[in-house]
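**Q** Here it is, the structure, as structure tokens.
The values are calculated or read from the model by the stated rules, or taken from the named source; none is laboratory data. Values in this document were obtained by computation on a predicted structure and should not be read as measured data. Backbone-built Cβ (ideal geometry, glycine too); neighbour counts: all protein chains shown.
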Amino acid sequence: MRIVMAHMDVSRLIAGNPIYPDQARVVNDVDGARRTFPYLLPQIDNMVTNDGRQRRLLCLRGTIPCWYKGNTYNIPLDVWITENYPTAPPTCFVTPTADMMVKPGHQHVGSDGMCYLPFLTNWATNPWAPQNNITQLLVELRDVFTAQMPVYQKPKQQPPAYTAPQPQAQRHHPPYVQPQPAAQPYGQQPPYSQPLATQNYLQPPPQPPVQPYQQPPPQPPQPAQPPPYRQPQQGQRPPEFPGQRDTFAGASLAAFHQPVQPVAEDPAKAEKRRQVERIAHKLREVASQFREEMQREVGPLQAVNERLLSGHALLLSDEEVLREMLQQLRANIQQSLQTTDMLDSYLASLGAEEEENIEELLVYHNTPSKQLVDCVAEDHAIQDTYLAMDKMLNSQNTDLESFLTETRKLATRQFMVRALEKKITTQLQRQ
């Protein structure tokens, strides 16, 4: 369905552009190219030539995939279908994006991005070659770009050197100091001054007698990964417990600010995964191309199969007719043989009798009747002479000049005989 819609889109695009004399060929070749390179989209746009003229042409704009050093790159490309297509080849331009540049000194791409290929040169000299189509042109471009990339990424400007701040300036949380038991009651927010630098737990301050609390034994700092820490929202402080406010400051507070290092992937596994992805991508493309080729080949074969089936049905009907004719001919032959036997027996019975002259058996009423019979006999004799002379010429028993001379004489005589025959017939009808 997607291929049918693409066909309709291309047909609709060029329907209002009468510059293409062979629109069916253009639509067919564009559809074939989009089956192999689906990221090329057709559109009508203005192509500006080197002399400043603008031509409104059909353009395939998008990217084609290329493989370079084990990686897949999408090369931006514009393929302009010229007015005289397919007698004139398309014009191709590499269109780098804002962060790309055309590679200088490329063998097949100019500084303006225009593509130069031997395939295009051969197309111009031999425009009716069977391999001249847009799909084959894009395959040639992909092979050339795979061997030598036409674009490269622009060098990025180096950012200014970063100076790490001093440790005393890195304050993810406000500094915390020990509370004064005489000045601050328990549970009141203590003032902040300088951060603690020690890595050991501090002794808890004296607590009010109403809420005694036993301090747990100090623990050495753990070099392993710190426990997860939830960043408090602005304006809030972490939850505090009685007797634990001062012991929470030292090494644990410093450990919470250590960044969690991401787990590095095994290079061998990463390379293996990339290779499997490339192989799977290549296999999918090969399978897609094979399926499309099979569909293109199966279509004509199905049409031939339909014609053969219809021809088979016609042959069966003709065979039935021929069988009926054969039976009729056999019956006619049998009847002819019977008639021949009867005539042979009759002639055998008449063999003993004397042959009579047919001329003597004919009785004419008048002289014109006898002349009419003679004319008819002579006309038939001339006709038989034609046949005999034709056989002699085919068997090379006479030359062409003699054949033409005698034929001219016989034709003259036959004309006179037929004229006399017509005159006598008219006279007898009047009587």
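Matching residues to (1) β-branched (Val, Ile, Thr); (2) modelled with pLDDT of 90 or more; (3) exposed (fewer than 10 other Cβ atoms within 10 Å of the Cβ); (4) farther than 30 Å from residue 428 by Cα:
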position	(1), (2), (3), (4)
342	no, yes, no, yes
347	no, no, yes, yes
363	yes, no, yes, no
370	no, no, no, no
375	no, yes, no, no
398	yes, no, no, yes
403	no, yes, no, yes
407	yes, yes, no, yes
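**Q** Among the listed residues 129, 33, which satisfies the condition of being free of Cβ contacts under 8 Å to residues at least 12 places away in the same chain, within 19 Å of the chain's Cα centre (by Cα) and more than 30 Å from residue 155 (Cβ to Cβ)?
**A** Values: 33 fails: free of Cβ contacts under 8 Å to residues at least 12 places away in the same chain.
Every option except 129 fails the conditions.
**Q** Just wondering, is there one or more residues in the stretch 286-296 that are more than 30 Å from residue 68 (Cβ to Cβ), modelled with pLDDT under 90 and not assigned by TED's automatic domain parsing to the domain that holds residue 33?
**A** Of all residues in the stretch 286-296, those more than 30 Å from residue 68 (Cβ to Cβ) come to 295.
With the extra rule that they be modelled with pLDDT under 90, the set shrinks to 295.
Then keep just the ones that are not assigned by TED's automatic domain parsing to the domain that holds residue 33; that gives 295.
Yes; the residues of the stretch 286-296 include at least one that is more than 30 Å from residue 68 (Cβ to Cβ), modelled with pLDDT under 90 and not assigned by TED's automatic domain parsing to the domain that holds residue 33.
**Q** Kindly list, by first and then second residue, each pair from a residue in the stretch 377-405 that is farther than 24 Å from residue 419 by Cβ to a residue that is outside any helix (DSSP H, G or I), limited to pairs with Cβ atoms under 7 Å and residues at least 6 apart or on different chains.
**A** 392/398
**Q** Ok, one more. Is it the case that some residue within the stretch 73-81 is farther than 27 Å from residue 282 by Cβ and of a type outside the set (Asp, Glu)? If you could, list the steps in order and put the result at the bottom.
**A** Kept after step one, since they are farther than 27 Å from residue 282 by Cβ, are these residues of the stretch 73-81: 80-81.
From what's left, of a type outside the set (Asp, Glu): 80-81.
Yes.
**Q** What residue, of 9, 99, 22, 45, is over 29 Å from residue 149 (Cα atoms), over 18 Å from the mean Cα position of the chain (by Cα) and of a type outside the set (A, V, I, L, M, F, W, C)?
**A** On the way: 9 fails: over 18 Å from the mean Cα position of the chain (by Cα); 99 fails: over 29 Å from residue 149 (Cα atoms); 45 fails: over 29 Å from residue 149 (Cα atoms).
Going through 9, 99, 22, 45 in turn, the sole match is 22.
**Q** Now, a different point. Tally time: how many residues in the stretch 103-114 are buried (at least 18 other Cβ atoms within 10 Å of the Cβ) and within 26 Å of residue 156 (Cβ to Cβ)?
**A** Keep residues of the stretch 103-114 that are buried (at least 18 other Cβ atoms within 10 Å of the Cβ), which gives 106, 108-109, 113.
Remaining after also requiring within 26 Å of residue 156 (Cβ to Cβ): 106, 109, 113.
Number of matching residues: 3.
**Q** What is the residue count in the stretch 386-431 for residues that are among the hydroxyl-bearing types (Ser, Thr, Tyr) and not in a helix (DSSP H, G or I)?
**A** To start, the set of residues in the stretch 386-431 that are among the hydroxyl-bearing types (Ser, Thr, Tyr) comprises 386, 395, 398, 402, 405, 407, 412, 425-426.
If we keep only those that are not in a helix (DSSP H, G or I) as well, we get 395, 398.
So the count comes out to 2.
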